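Notes for the one structure printed next.
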Amino acid sequence: MPSGRPLGLLMAGTGMFLVSSDSLFIRIAQPSSGWTIAFMAGVWSVPVVAIAAWRTYGNQLFHEIRKHLKILCFTGLLASFSTTAFTISVTLTSVSNVVAILAAAPILAAFFARLTNREYASRRTWKSIAGTAVGVLVIVGGSMSGGGIGGDLLALAGISGYAFNLTIWRRYPDLPRILVVLAAAIFIVIVTSIPAAPSTMDSDAFLATLAMGASFGPLARFLLASSTRYAPAAEVSLFTPIETVCASIWAWLFFSEIPTNATIIGAVVIVGAVTYGITGPASEVVPELDPHP
């Protein structure tokens, strides 16, 4: 079994593959609002993750929560923002646009990691990041005439929150990852509870949010949060194009949602840039990690 950096990259890749299913389930759950979809996914997640946390820590669970309470609240609130923004964005613009924009994560994660954790990405990683930025600009530029710019900007806001969370998880390697996922689920429910309208959902929507919240979502987020224990945030974020490619394929296969030329060109640029980045040596990392938040 791989260990160290390879293990972290494997976790990141697997987590992103699982996350790619979110856009498919969101489309199935429509015409329910993004607020409602995020709320119900959170509702399903809370008991599932709470049981997993209890089985992990037993009678020490509340001690662990109190020990890490402040940082858990902060990362949970940030995760609720990024998840809700992503969910709503899929209801406002094409899946291909949203998931391609999510590939902006590397440049954002590298910036936040350098700012907060003193992790310095290699020159190769920065070249990859520059290529990713070009691809994202191509996609957003193509949407400005198509009316999907609001959804694109929400996707960009959501991935910014995710990228910053990567640096938090990296900075606190001893932060219990199962509690990170639990905090995210709880805050998603809190943040979306007022605008959500679960009574408007049909059976397909309930089943779609059940799949999102009770299985794929928690496992994916646990893997992504855990990956930052072994690999730098900028390198973990380089795996976001797995979601870009897979989610676009799901939308094409299940909903005949054909990507625009701008989206295809931008996605090709992004995937090429990221492939170049992750096939190189490890980034130069000079972290100042605090194991005691």
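The values are calculated or read from the model by the stated rules, or taken from the named source; none is laboratory data. Keep in mind that this is a model prediction, so the values were computed, not measured. Heads up, the Cβs are rebuilt from the backbone with ideal geometry, glycines too, and the neighbour counts pull from every protein chain shown.
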In segment 163-198, which residues are assigned to a helix (DSSP H, G or I), over 18 Å from residue 56 (Cα atoms) and small (Gly, Ala, Ser)?
163
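Would you check which residues across segment 25-81 are in contact (Cβ under 8 Å) with a residue 40 or more places away in the chain, in a helix (DSSP H, G or I) and small (Gly, Ala, Ser) and list them? Lay out the reasoning, then the answer.
Just the residues of segment 25-81 that are in contact (Cβ under 8 Å) with a residue 40 or more places away in the chain, to begin with: 25-30, 32-46, 48-50, 52-53, 56-57, 64-65, 68, 70-81.
If we keep only those that are in a helix (DSSP H, G or I) as well, we get 25-29, 34-46, 48-50, 52-53, 56-57, 64-65, 70-81.
Listed by number, the residues that qualify are 29, 34, 38, 41, 42, 45, 50, 52, 53, 76, 79, 80.
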Those residues of segment 89-125 which are modelled with pLDDT of 70 or more, of a type in the set (D, E, K, R) and either surrounded by 23 or more Cβ atoms within 10 Å (Cβ to Cβ) or farther than 19 Å from residue 169 by Cβ (or both), in sequence order:
123, 124
Among the residues that make up segment 12-25, is at least one of them buried (at least 20 other Cβ atoms within 10 Å of the Cβ), of a type in the set (D, E, K, R) and touching a Ser or Thr at 6+ places or on another chain (Cβ under 9 Å)?
yes
When you scan segment 225-234, do you find a residue that is out of contact with any Ser or Thr (no Cβ under 7 Å at 6 or more places or on another chain), in a helix (DSSP H, G or I) and closer than 22 Å to residue 35 by Cβ, even just one?
no
Going residue by residue through segment 31-41, is there one that turns out to be over 28 Å from residue 196 (Cβ atoms) and either surrounded by fewer than 16 Cβ atoms within 10 Å (Cβ to Cβ) or modelled with pLDDT of 90 or more (or both)?
no
Can you run down the residue pairs with Cβ atoms below 7 Å, 6 or more apart or on separate chains, where the first is in segment 197-210 and surrounded by 11 or more Cβ atoms within 10 Å (Cβ to Cβ) and the partner is in a loop (DSSP other than H, G, I, E, B)?
197/33; 200/32; 201/32; 205/32
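Have a look at 94, 45 and point out the one that is more than 21 Å from residue 166 (Cβ to Cβ) and in contact with a Pro (Cβ under 8 Å, 6 or more places away or on another chain).
94
So, in segment 199-218, how many residues would count as being more than 21 Å from the chain's Cα centre (by Cα), part of a helix (DSSP H, G or I) and of a type in the set (A, V, I, L, M)? Spell out how you get there, then give the answer.
First pass over segment 199-218, keeping only residues more than 21 Å from the chain's Cα centre (by Cα): 199-207.
Then drop every residue that is not part of a helix (DSSP H, G or I), which leaves 199-200, 203-207.
Of the ones still in play, those that are also of a type in the set (A, V, I, L, M) are 205, 207.
Residues that pass the stated criteria total 2.
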